[in-house]
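Undergrad: I'd like to ask some things about the structure below.
The values are calculated or read from the model by the stated rules, or taken from the named source; none is laboratory data. Small disclaimer: the values here were computed from a predicted structure and weren't measured. Don't worry about glycine lacking a Cβ; one is built from the backbone with ideal geometry, like all the others, and counts go over all protein chains shown. Only protein heavy atoms, including side chains, enter the accessible area calculation; ligands, DNA and RNA are left aside. Shrake-Rupley method; radii C 1.70, N 1.55, O 1.52, S 1.80 Å.
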Amino acid sequence: MNVPTLQWHERLYHRDALRAGRYAALADAEGFDAICFALEALGLRLFGRKKNLGQYEQALAALANASVVLSRLSETQPGRFSTFSALFAVVKKARNDAMHTGVFARHATAAAIELCIGLEEALMKEQQLPRQAVKDFMVKSPVVLEVWQPVAYARQLMLTHSFSFLPVFKDGWKLLSENGLARYMLASKDWAGALARTIDEAAQELDLLEATVVGPTDEVQKLLADDQGKETRLWLVEEKQGRLCGVLSPFELM
């Protein structure tokens, strides 16, 4: 089966949907359903007619052939990488089993995440002009801390989502780092009090970092060259009106 030609904006849309489902599954096992919804939406676009997930397998498999991980490496290194068919079979079985729990649920979620990573790679293999702008890779609608929120909330966000940095606007855009938060908590003699303070009240002890602010149309290669050797690896993407429209880290560039 031939894969329909997807416009670049369609590739980004479905890539972002798979990515969002993957992040949801990492944060909460219930996020497995979000991955299924993203797979079904992509399958519908590729197949062209409304069907169930299982009936989209051939269309999704054709797309998966563009992924090095799901095609070549799954054959040459089967101990490290799974084939599309193996991953899809697990996800389809879990999708059809409304009561999946325990070990199988964790296995299904892991398979779904691996499948997403491979399909995201396939979607980004654009055959036309190379896309290297920040807007093509950034995470949209980023989580932003407010200065009035307690440190406890920042800690919860970092632990729940494995964030290394959180943006906060205080006299310009700053970053709260996991390193800064850890040092702040360990230095405190009053754990409850330290958690209850607002970001604004604890700003000096939290050692907020100056953020690198970029635009959506900036070139990724230039950012990497300009920031070579810097410790902070998170760019905040700001629109003309000063609104934060996204964030970009090396994680998204992989």
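Undergrad: Being within 14 Å of the chain's Cα centre (by Cα) and at pLDDT below 75 is the filter here; which residues of segment 29-38 pass it?
TA: Step one: of segment 29-38, the residues within 14 Å of the chain's Cα centre (by Cα) are 31, 34-35, 38.
31, the sole residue that qualifies.
Undergrad: Another question, if that's okay. Output the number of residues of segment 208-242 satisfying the condition of being within 21 Å of residue 154 (Cβ to Cβ) and loosely packed, with under 12 Cβ neighbours inside 10 Å.
TA: The qualifying residues number 2.
Undergrad: A follow-up question, please. Quick one: which residue in 159, 145, 166, 175 is open to solvent by 90 Å² or more (accessible area, probe 1.4 Å) and under 22 Å from the mean Cα position of the chain (by Cα)?
TA: Details: 145 fails: open to solvent by 90 Å² or more (accessible area, probe 1.4 Å); 166 fails: open to solvent by 90 Å² or more (accessible area, probe 1.4 Å); 175 fails: open to solvent by 90 Å² or more (accessible area, probe 1.4 Å).
Selected residue: 159, the only one of 159, 145, 166, 175 that is open to solvent by 90 Å² or more (accessible area, probe 1.4 Å) and under 22 Å from the mean Cα position of the chain (by Cα).
Undergrad: I would also like to ask the following. Restricting attention to segment 235-254, report how many residues are within 15 Å of the chain's Cα centre (by Cα) and not in a strand (DSSP E or B).
TA: Residues that pass the stated criteria total 6.
Undergrad: Need a quick list: helices (runs of 4 or more DSSP H) entirely within segment 1-90 having at least 1 residues that are open to solvent by 80 Å² or more (accessible area, probe 1.4 Å) and aromatic (Phe, Trp, Tyr).
TA: Values: elements: 8-27, 32-47, 57-64.
In segment 1-90, the matching helices (runs of 4 or more DSSP H) lie at 8-27, 32-47.
Undergrad: Would you please list the contacts, defined by Cβ atoms under 9 Å and residues six or more apart or on different chains, that run from a residue in segment 42-67 that is in contact (Cβ under 8 Å) with a residue 40 or more places away in the chain and more than 18 Å from residue 125 (Cα to Cα) to a residue that is open to solvent by 70 Å² or more (accessible area, probe 1.4 Å) and part of a loop (DSSP other than H, G, I, E, B)?
TA: Once the first residue is in contact (Cβ under 8 Å) with a residue 40 or more places away in the chain and more than 18 Å from residue 125 (Cα to Cα) and sits in segment 42-67, its partners that are open to solvent by 70 Å² or more (accessible area, probe 1.4 Å) and part of a loop (DSSP other than H, G, I, E, B) give 58/1.
Undergrad: Just for segment 193-207: of the residues that are out of contact with any helix residue (DSSP H, G or I) (no Cβ under 9 Å at 6 or more places or on another chain) and small (Gly, Ala, Ser), which one is surrounded by the most Cβ atoms within 10 Å (Cβ to Cβ)? Working first, answer last.
TA: Of segment 193-207, the ones out of contact with any helix residue (DSSP H, G or I) (no Cβ under 9 Å at 6 or more places or on another chain) are 193, 200, 203-204.
Still in the list and also small (Gly, Ala, Ser): 193, 203.
Working: 193: 10, 203: 17.
Result: 203.
Undergrad: Find all pairs meeting these conditions: Cβ atoms under 6 angstrom apart; at least six residues apart or on different chains; first residue within segment 190-219 and over 18 Å from residue 233 (Cβ atoms) and free of Cβ contacts under 8 Å to residues at least 24 places away in the same chain; second residue open to solvent by 70 Å² or more (accessible area, probe 1.4 Å) and not hydrophobic (A, V, I, L, M, F, W, C).
TA: Listed pairs, sorted by first residue: none to list.
Undergrad: If I filter segment 114-123 for residues that are of a type in the set (Val, Ile, Thr) and either part of a loop (DSSP other than H, G, I, E, B) or closer than 30 Å to residue 194 by Cα (or both), do I get at least one hit? Steps first, answer last, please.
TA: Pass one, segment 114-123, residues of a type in the set (Val, Ile, Thr): 117.
Now restrict to residues that are either part of a loop (DSSP other than H, G, I, E, B) or closer than 30 Å to residue 194 by Cα (or both): none.
No, segment 114-123 contains no residue that is of a type in the set (Val, Ile, Thr) and either part of a loop (DSSP other than H, G, I, E, B) or closer than 30 Å to residue 194 by Cα (or both).
Undergrad: Has segment 130-145 got any residue that is farther than 30 Å from residue 41 by Cβ and touching a residue at least 24 places away in the same chain (Cβ under 8 Å)?
TA: Step one: of segment 130-145, the residues farther than 30 Å from residue 41 by Cβ are 145.
Of the ones still in play, those that are also touching a residue at least 24 places away in the same chain (Cβ under 8 Å) are 145.
Yes, segment 130-145 has at least one match.
Undergrad: Continuing with this model, one more query. If you scan segment 147-182, which residues turn out to be aliphatic (A, V, I, L, M) and in a strand (DSSP E or B)? Let's see the steps before the verdict.
TA: Quick first cut of segment 147-182, residues aliphatic (A, V, I, L, M) only: 147, 151-152, 154, 157-159, 166, 168, 175-176, 181-182.
Listed by number, the residues that qualify are 166, 168, 175, 176.
Undergrad: Give the residues of segment 130-142 that are open to solvent by 80 Å² or more (accessible area, probe 1.4 Å) and under 12 Å from residue 248 (Cα atoms), sorted by residue number.
TA: Within segment 130-142, 135, 140, 141 qualify.
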